[in-house]
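Each value in this text was obtained by applying a stated rule to the coordinates, not by laboratory testing. Treat the numbers as computed from the prediction; the structure is a model and nothing was measured. Here the Cβ positions follow ideal geometry from the backbone for every residue, glycine too, while neighbour counts run over all protein chains shown.
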Amino acid sequence: MTATTATRARFSLRGEARAQLARELAEMYETASISDVAAARSLRDGTVKRLLVEAGAVIRSPGGSRVRRRPVKRDPARAELARALVEEYDAGATTRGLAVGHGLARGTVRRLLREGGVVMRPSVPPKNGGRSRCRSAAEAAARAALARDLTESYDAGASIRELVESRGLAFGTVQRLLREGGAVMRPPGSTRRPNAY
């Protein structure tokens, strides 16, 4: 078995075998650096670091002391916030929604969820053509109203160019708003309504 195959086999460990490897690496890490442990076990530094974190080892700063530091006690308010976030996330809330609702950064929300033992759901691409942005309810309502207005004008026969010039918006923005408003796009250069075909 080549070194690459061995590395992949170790990296793909799951369950108790992975936990055992993580504990062994943590023991080695008490007297060595991450790079030394990685070299000794034919693993990548990132893989070793990930397994050390799983084993509960405190990661030292580069060149830091080799003495294990005691873990910092967690603030009870932080633990309560993490529990609240976990409940909302399990009920279907998104990390973006939790961040906006609690006034936190998304990275902080994800960190607190992981501390609460959550296995993160895969992110879903936004439905609006690949763009995603947090908006307040007022901004979302104003955008929806603008999309409806543009769609009505477009369905009445206005071209995208005419809408761009009359509203002072970028061409791509008008196209995006028309899609959000449910407009059926006409072929370029056509001024006929789509149901006239």
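Scanning segment 24-49 for residues that are surrounded by 15 or more Cβ atoms within 10 Å (Cβ to Cβ) and either part of a helix (DSSP H, G or I) or among the β-branched types (Val, Ile, Thr) (or both) returns LEU25, ALA26, MET28, TYR29, ILE34, VAL37, ALA38, ARG41, THR47, VAL48, LYS49. The condition of being part of a loop (DSSP other than H, G, I, E, B) and crowded, with 17+ Cβ neighbours inside 10 Å does not hold for ARG176.
Kindly check whether there is at least one residue in segment 78-98 that is within 22 Å of ARG50 (Cα to Cα), among the β-branched types (Val, Ile, Thr) and not in a helix (DSSP H, G or I). No, segment 78-98 contains no residue that is within 22 Å of ARG50 (Cα to Cα), among the β-branched types (Val, Ile, Thr) and not in a helix (DSSP H, G or I).
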